[in-house]
Structure formats: C-alpha cells, structure tokens
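Input: a single structure, listed below in structure tokens.
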Amino acid sequence: MRLNPNKLFRWLSIRTKLIIAFTSLSIIPLLLVGVYSVISNARALEEVAVENLRHDVLTIKEKAANFLSNAEADLWYIRDSYLFREFLEAYEHRRPQYARRLADVEKELLTFSESRRIYCQIRFVWHDGEELFRVETSREGSRVLPRELLRDSKEPYYRFLVSSLKLGQVAFSPAELIDSKGILIPVVSYALPVIKDGNELGILITNIFARELFKIVEGERHLEVQGKVVLVNEEGYFLYHSEKKKDWNKLLASREDENLWSEYPSEVAQEIVSGKTTTLSGGIDEMISFAPLFDHRSGLSHSYFIYEAVPQSIILQPVKSFALFYLGMMLLFLFGSIGLGFLATGQLAGPIRKLQEGAGIISKGKYSHRLRIETKDEIEQLAEQFNAMAESLEKHENEIQMHRRQLELMVKERTRELSEEKNKLQAILDNIPSAFVVLDGDLCIRSASAAFESITGYRFEDVRGRNCCEVFIQGGFCEKCLAKRALETQQIETHVDRCLAKGREEKYFEHITIPLKEDGQIGSLIEIITDVTKRKRFEEHLIQTEKLMAAGEMASIIAHEFRNSLTSVKMILQLQTESQRLGLSDKKSLAVALNSIEHMEGIVTELLNFARPKSMELRPESLNKLLNDTLIFAHPQIKKRKITVTKVLDPTLPEVFVDPSGLKEAFINVLLNAAQAIEAGDGAARRRAIRVVTKRIRLRTTLRDYAPVEVQPAENVHSIGSEIILRRGTECALIEVTDTGSGIDRKHLRRIFDPFFTTKTDGTGLGLPLVKRTINAHGGVVAVKSKKGVGTTFRIYLPLFDKRGSNG
C-alpha cells in the first residue's frame, strides 16, 4: 500500500508543504543531535541529585531518630527509676512518707531537666486527673511548679493519646503549650501510661522543645541546591516544614487545612507515608527522597516520616540553559529556510490564493464576483471556468429570491390571522374568574390564565415548567393530584380541596381536570381551578340555619305543650305535700317528684330561651368585672367539684358595649361546661383546674363565622349577610377558658354548637349553641381547641371599638 502524504496533511496549503520540505532537509539532522545531548545531560544530573537527596534524608533521619529515641529512653528511664516507683507506691496507699518521696522525685527531675535543657515540661497525672508534679524549663532556668498551680482536670488530650496504646508503646504527638506569660510554645509530647498489676495508675508526660528537633532537621545538607525538608505524620499533617515554618511559636501540625495531600497528588502522598526509603522523580515537578523517621522496632504508637524535595527545574537548570542556546540556533536555521521557501513558492501560491478567496466570496452568496488571473497556464483556464459557474449561480439565485418574497408575504398574512385568534382566546380566558392551567404530558405547567395568581397565590413566572404536583400538593394547595388520575382514567376528573391561604384563612377550591387527546393519545391537560369558598360557606350556613329553625320550632312546640301540664302537676303535688294524712316515706317520694318537675321546668325554660331569644340591651361594661361576677355565681358548683380556678385578667381591657346579662349567661355556660368536663374526666386529668385569661390582642389571621338567622351582629362588625368576619389586624378582647378535663373527640368537635347535640347523660345540648348565638350577636367569634385526655380551651374573640365606632 503506497503512502499518500496529501491524505495525512490535507489541511496544509501547497506553499506550506513546499516550505516544510525545504526546511526539513536542513533542520532534522541538527535536531536529532541536540535532543540526544539534552537527554543525556538531564539523566546525568538526575542521578547525581537522587544520590545527594538520599544521602541528606538518611543523615537527617539518623540524627532525628537518635534525638527522639533518646527522649523516649528518658521517659522509660524516669518511669523505671527507683525514686519514682517508691513515690508511686507511697502515694497509691496514701502513706505518710509520700510527700518526702515526691520531693525526692521533683529534685531528681529538676537536676535531670537542667542537665538536658531540652524538656519544656516533665509531668505526672494521676488516673483521676490530679496532676501530682510538674517540672518546667524556660530561658530563666528550670523549676518545680508549686502545688497551687498544678491542674486538677481529666486531661482529655493525653487520655486520648494513650487510649489506643498497646503494651510497651509510647504516645508521640506535636502540641502547643501556653507559658505563664501567655506565649505559645511548640513542643513534642511523649505520653506513657504507668501500669501496675494491670491497672493504670496515671500518665507520665514529657514535653520536648520542638526547636531542638527542628535544629537537627535544619542542619547542613549535602546537596548544593537547598530544597524543602518536611516531617509528616502517618495522617499527612506536617510536624515541620522548612518553607512554611515562619514562627517558632506555631506548629504546622495544628493547621488542618495544610497537609501532605494538599501539596501532592494522592498517589505521591500515599507513597511518602508508605514506610519505604526511596526517591520519586517522575510524574511530578519535584524530586522527592523520603524515609520513615523510626524503624518498625520503635515503641511509639504513631509513625512519622521525613522527606526532602527539590524542584526539578532547579536541578535541570544547566540542561535548560543548553537547550535554550540550542533552540536559538535551531530558530536561526528555521527562519532562514522558511525565507528561502517563501521566495521560491510565491509565484505559485498567489494565483491559488485568489482562486480560494473567490470561492469564499461566492459561497457567501455574492455571485456577481469575477476573477482576473493572467498566468497563461492551467490556472488561468481554471479561473475562466470559475467565472462561468458564478454567472450560472447568479441567475438561479435571482429566481429563488423572487419565490421567497412571495412565500414570506403568505406566511406573514397567516401569522397575523393566527395571532388575532390567539389574542381573542386569551382575552376570553383572562376575563373568566376561574384559573385555566395547561399541563403537558409530564404534568409540567406550560401556560395559565390571568386569574392563576389571584386564585393559587403563585406567580406564573415562578412555576412555569415545574411539575404541578410538586407545586400544588407539596405547597398544600391540593390534597391529591387530579392530573395523575385523569391520565390514568382518561376521563374528566373533579374534586374540591380545602386549604389554608397565605393569611391562614380557610379556602375551598374546585379542581376540574380535562385530558386533551391527540391521535388517540393524551398530549396535554387543562385544569380549571375555581374559588368556591363563598359557595361552600353559604351551603354550611344553610345547613346550620335549617338545623336552628327546626330546633327552634321543636323547642317552641315542646315548651308550649309541656309548660301548662307541668304547672298543673306541680300544683297538685304541692297540695298533696300539705296533707296531714301522708306518711314520711310518701312525703319523701313527693319531694323527689317536685325536684324532677323543677328540673323539667328548667329544661322548658332553656327551650323557650332558645326558641325566643331576648333582645339585647347594650351598655358599656368591663369584661373583667363580668367574669368576676360570673365566677362568684358559679363558685358553689366549682367548689363542690373541688376545682381550682386561676385568673389572669388584663387590666388594660377597656369597657365594651355588651348585653351584660346575656354575656354573663354565656360565660356561666362555658365555666359550668368546663367544670362538668373535669368531673367526667377525673380519672384522666392530672389535676382539677380551670384557667381564665383575658387579653387585648390584634388578630394575626382573619376569623369567620356564620351567625344564626335571628342574630344581627353589632353595628360596627363587618359582615356579609349573616357571615361575621374579623379581619386580620382587628383589635379584639380575647377571653380564654381552659380546663384539664377529658377533652372532646375530633369527630364531635364540629358538632358541639349544633342544638340538642350532647355527650352528657343529663345534658340538653342547648348550652353551647346559646353561647355561640350570644357571642355572634356581639359581633364576636367562638373557637375551640381540644385534645382527648388533656383538656379543652374555649377562645372568645370580641371586637373592641372606640366611641366613634372605629376599630383600634
């Protein structure tokens, strides 16, 4: 198979190919000789640098290891010394001579510390955290720390260091101490647990001045080019770094953001802490020689490593200088060859470039362009054929432009018609109070009508393209996803949801989802959302009104039919009690019958009051005074049940225009209801108590309620028909009555204001409906919160108005 250079270098011009051929003949031999020389010199320099680095690392390792091994041996020497063991024996059994033994140990350690001058501290901490002695060394000399300056703490740091030690191991870690002048002192800490008969007596601690170790590391090195020398632990944190160490009073080991892995790739850092003794020079921009600081026979619990790194750019500097000189010579020959090539190829490349430029102009649509080339050869013939081709293309382009203009006019007219139809449809949708939402097959929101934001509370721009389930269900606007159901059933689905608006106001929304089919498949859906809150509330109001009307008629009939009969029976029974012929047992029976008649009369009176409510007589009155009067009236019933009453009354409450007798009767019903609930739930209550609280508040949410048909709210209360609305921000008087009774089941909570509904065996079910009617008549709202087995709280909100009838 013959090699075709044109296929390999198809992007090169003819002139460039000729110039490359000319320059290659003069440059390639010179290039081969230069590259061989550079590579040979670089290898020789690398071998010398590797040997010198290895020598430096092993020398530093030997000196540092000897230094730290001697410090470790000192620790073992102190632990095994006769004086120290005698002191431990005396202190462990609290013998009287332990103080004298301690003084001997401190004296011996003071002499030892002054002779070595490398120990910042020598300490011993008892197993309960008490520090028994400490010898410190500073610039002024060594001293024994007085007893009152010794610590009495758990020493968690050293406890952590020795917690994972095996038998015969010593904990070794860098640390920073603070001397009496508040100056940080970097040290190398050794910690050795003192064990006797398997029990730990305490921890022997020696803190060596880190500068003594760093002086060894900073010693003279064999390599002429000074690199960085680093001590690093097995986790990659620096104990010493010659380039980063600027202050003796700071340890790099405490800098968690700077470690071996932040300086080198993971594989290089892992190799350094692997425990090998070798040199790395490939794949990184440094030459690194490293070795473990201690051998495997060391008794230390942690491993430390030393490495020296020199940038390869410094080591290879002589090679770079030679390479730059050689490169200059190469460039000189290269430019000379290229200049000669340009002179030789200029006569051929000029006409070809004109042909290329002409083709580019024609490709941009300028078919009127023509070439003028006079070479009297094949290139001139090619230019004439090119001009003929351009003339033909110009003719065809004129025909295409004419057809294009006609098509654009047709498209513009059709677009205008479609835009008008779309605007009409959008205007119709925007003027409908319901929100129309278009969803695609993935239930993502694509478009919406103008009512979308006012009904849902979401801006269309914020939810465009988002999944409707993610927006509406998670946002609490929908209880379930009708769109998913419509996709499954391929039918129109409808549902009414109840949710809380942003002002915490209860709202009802009707959702209708209509699937739209395209070629037998559902391609999109239309969801129609309508606010039906007024309709739902009106329906509930109608149901409640019908109940009240039926209850009133029934109460009126029962009271009318029973009252006269009860009066006759009561008179007959009273006459019988005055008879002298009756015995004691007969009189007791008549007394029981009379009590029953009185109870029935009370029920008839309640029925009459419910059927024919009294007209209100409003006058300014203090709510706190009304509550106090009510509590006095209800006191016998509450006391009989052994219930404690707590009052927290707001003295700033102003007088309110109320019907005192009606409001007092409502308060009595609430208090007696609370007392009866405590008595009924005595086994579940933790204590028998009623708490009465009054406050002056501003509403944070809008409260709504429907009043009975015969109730007319107060003049200044905002109402729609018989609906009472206390807007957010309205100033109100709040009356709270809280009991510790049995509580109300959730299934009964919505019915407690229905006439004749009661869970008591002797109740009429008229007390709480009368309370609601009275509060509604004052323009107020009653709210109930209850938890089964815990208790119930009645909250009565009465609006406050000034003399002009405005709120707040």
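The values are calculated or read from the model by the stated rules, or taken from the named source; none is laboratory data. Because the structure is predicted, anything quoted here is derived from the model rather than measured. Here Cβ is always computed from backbone atoms with ideal geometry, including for glycine, and neighbour counts include all displayed protein chains. Note: accessible area is taken over every heavy atom of the protein model, side chains too, but ligands, DNA and RNA are not part of it. Shrake-Rupley method; radii C 1.70, N 1.55, O 1.52, S 1.80 Å.
Restricting to the range 295-322, and then to whatever is modelled with pLDDT of 75 or more and part of a strand (DSSP E or B), can you tell me which residue is most open to solvent (accessible area, probe 1.4 Å)?
That would be Pro311.
Table: residues versus (1) touching a His at 6+ places or on another chain (Cβ under 8 Å); (2) of a type in the set (Val, Ile, Thr); (3) without any contact (Cβ under 8 Å) to a residue 40 or more places away in the chain.
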| residue | (1), (2), (3) |
| --- | --- |
| Asp56 | yes, no, no |
| Ala65 | no, no, no |
| Asn70 | no, no, yes |
| Arg79 | no, no, no |
| Tyr82 | no, no, yes |
| Arg123 | no, no, no |
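Can you pull out every residue in the range 116-126 that is surrounded by fewer than 22 Cβ atoms within 10 Å (Cβ to Cβ) and modelled with pLDDT of 85 or more?
Ile118, Gln121, Trp126
Just to be sure before I move on: is Ala73 surrounded by 19 or more Cβ atoms within 10 Å (Cβ to Cβ) and either modelled with pLDDT of 85 or more or under 30 Å from Met329 (Cα atoms) (or both) in the structure I sent?
no
For the range 751-769, which positions are at pLDDT 75 or above and either open to solvent by 20 Å² or more (accessible area, probe 1.4 Å) or under 42 Å from the mean Cα position of the chain (by Cα) (or both)?
Here is the first cut: in the range 751-769, the residues at pLDDT 75 or above are 752, 768-769.
Selection gives Leu768 alone.
Could you check, for the range 30-38, whether at least one of its residues is assigned to a helix (DSSP H, G or I), surrounded by fewer than 16 Cβ atoms within 10 Å (Cβ to Cβ) and among the polar types (S, T, N, Q)?
yes
Evaluate the range 214-237: report whether one residue or more is within 39 Å of the chain's Cα centre (by Cα), in a strand (DSSP E or B), surrounded by 20 or more Cβ atoms within 10 Å (Cβ to Cβ) and modelled with pLDDT of 75 or more.
Among the residues of the range 214-237, at least one is within 39 Å of the chain's Cα centre (by Cα), in a strand (DSSP E or B), surrounded by 20 or more Cβ atoms within 10 Å (Cβ to Cβ) and modelled with pLDDT of 75 or more, which makes the answer yes.
Residues being at pLDDT 50 or above, open to solvent by 10 Å² or more (accessible area, probe 1.4 Å) and outside any loop (DSSP other than H, G, I, E, B): count how many of those fall in the range 706-733.
3
Just need a number here: residues in the range 25-83 that are under 16 Å from Ile216 (Cβ atoms) and touching an Asp or Glu at 6+ places or on another chain (Cβ under 6 Å).
Number satisfying all stated conditions: 2.
Looking only at residues in the range 513-528 that are in contact with a helix residue (DSSP H, G or I) (Cβ under 8 Å, 6 or more places away or on another chain), of a type outside the set (D, E, K, R) and closer than 23 Å to Thr456 by Cα, which one is surrounded by the most Cβ atoms within 10 Å (Cβ to Cβ)?
Here is the first cut: in the range 513-528, the residues in contact with a helix residue (DSSP H, G or I) (Cβ under 8 Å, 6 or more places away or on another chain) are 513-515, 522, 525, 527.
Next, only the ones that are of a type outside the set (D, E, K, R) stay: 513-515, 522, 525.
Still in the list and also closer than 23 Å to Thr456 by Cα: 513-515, 525.
Numbers: Thr513: 25, Ile514: 14, Pro515: 21, Leu525: 22.
In this case the residue turns out to be Thr513.
Specify the residue that is modelled with the highest pLDDT; the eligible residues are those in the range 469-503 that are open to solvent by less than 50 Å² (accessible area, probe 1.4 Å), in contact with a strand residue (DSSP E or B) (Cβ under 7 Å, 6 or more places away or on another chain) and not hydrophobic (A, V, I, L, M, F, W, C).
Filtering first and then ranking leaves Glu493.
Please identify the pairs in which a residue from the range 96-110 that is in contact (Cβ under 8 Å) with a residue 24 or more places away in the chain has its Cβ atom under 6 Å from the Cβ atom of a residue that is open to solvent by 40 Å² or more (accessible area, probe 1.4 Å), counting only partners at least 6 apart or on another chain.
Correct list of pairs: Val105/Leu83; Glu106/Val144; Glu108/Leu83; Leu110/Val144.
Can you confirm whether the range 127-140 contains a residue that is in contact with a helix residue (DSSP H, G or I) (Cβ under 7 Å, 6 or more places away or on another chain), at pLDDT 85 or above, assigned to a helix (DSSP H, G or I) and not hydrophobic (A, V, I, L, M, F, W, C)?
Within the range 127-140 (the criterion being in contact with a helix residue (DSSP H, G or I) (Cβ under 7 Å, 6 or more places away or on another chain), at pLDDT 85 or above, assigned to a helix (DSSP H, G or I) and not hydrophobic (A, V, I, L, M, F, W, C)), the answer is no, since none of the residues qualifies.
If you go through the range 169-180 one residue at a time, how many are farther than 25 Å from Glu92 by Cα, open to solvent by less than 60 Å² (accessible area, probe 1.4 Å) and part of a strand (DSSP E or B)?
Here the count works out to 5.
Right, Glu453: outside any loop (DSSP other than H, G, I, E, B), within 27 Å of Lys507 (Cα to Cα), at pLDDT below 75 and among the acidic types (Asp, Glu) or not?
In short, yes.
Return only the number of the condition from (1) over 19 Å from Pro193 (Cβ atoms); (2) over 45 Å from the mean Cα position of the chain (by Cα) that Arg123 does not satisfy.
Of the numbered conditions (1) over 19 Å from Pro193 (Cβ atoms); (2) over 45 Å from the mean Cα position of the chain (by Cα), the odd one out for Arg123 is (1).
Report whether or not Glu148 is among the acidic types (Asp, Glu) and touching a strand residue (DSSP E or B) at 6+ places or on another chain (Cβ under 9 Å). Give the steps one after another, and end with the answer.
Working: among the acidic types (Asp, Glu): yes; touching a strand residue (DSSP E or B) at 6+ places or on another chain (Cβ under 9 Å): no.
The answer is no for Glu148.
State whether one or more residues within the range 374-393 are at pLDDT below 75, over 18 Å from Ala21 (Cβ atoms) and among the basic types (Lys, Arg).
Within the range 374-393 (the criterion being at pLDDT below 75, over 18 Å from Ala21 (Cβ atoms) and among the basic types (Lys, Arg)), the answer is yes, since at least one residue qualifies.
Quickly run through the range 76-111 and pick out the residues that are outside any helix (DSSP H, G or I) and surrounded by fewer than 15 Cβ atoms within 10 Å (Cβ to Cβ).
His93, Arg94, Arg95, Pro96, Gln97
Residues that are farther than 20 Å from Glu234 by Cβ, over 44 Å from the mean Cα position of the chain (by Cα) and open to solvent by less than 40 Å² (accessible area, probe 1.4 Å): does the range 181-194 have at least one?
Scanning the range 181-194, I find at least one residue that is farther than 20 Å from Glu234 by Cβ, over 44 Å from the mean Cα position of the chain (by Cα) and open to solvent by less than 40 Å² (accessible area, probe 1.4 Å), so the answer is yes.
So is Lys166 touching a Leu at 6+ places or on another chain (Cβ under 9 Å), in contact (Cβ under 8 Å) with a residue 60 or more places away in the chain and exposed (fewer than 13 other Cβ atoms within 10 Å of the Cβ) or not?
It is false that Lys166 is touching a Leu at 6+ places or on another chain (Cβ under 9 Å), in contact (Cβ under 8 Å) with a residue 60 or more places away in the chain and exposed (fewer than 13 other Cβ atoms within 10 Å of the Cβ).
Quick check: anything in the range 268-275 modelled with pLDDT of 80 or more, in a strand (DSSP E or B) and in contact with an Asp or Glu (Cβ under 7 Å, 6 or more places away or on another chain)?
No, the range 268-275 has no match at all.
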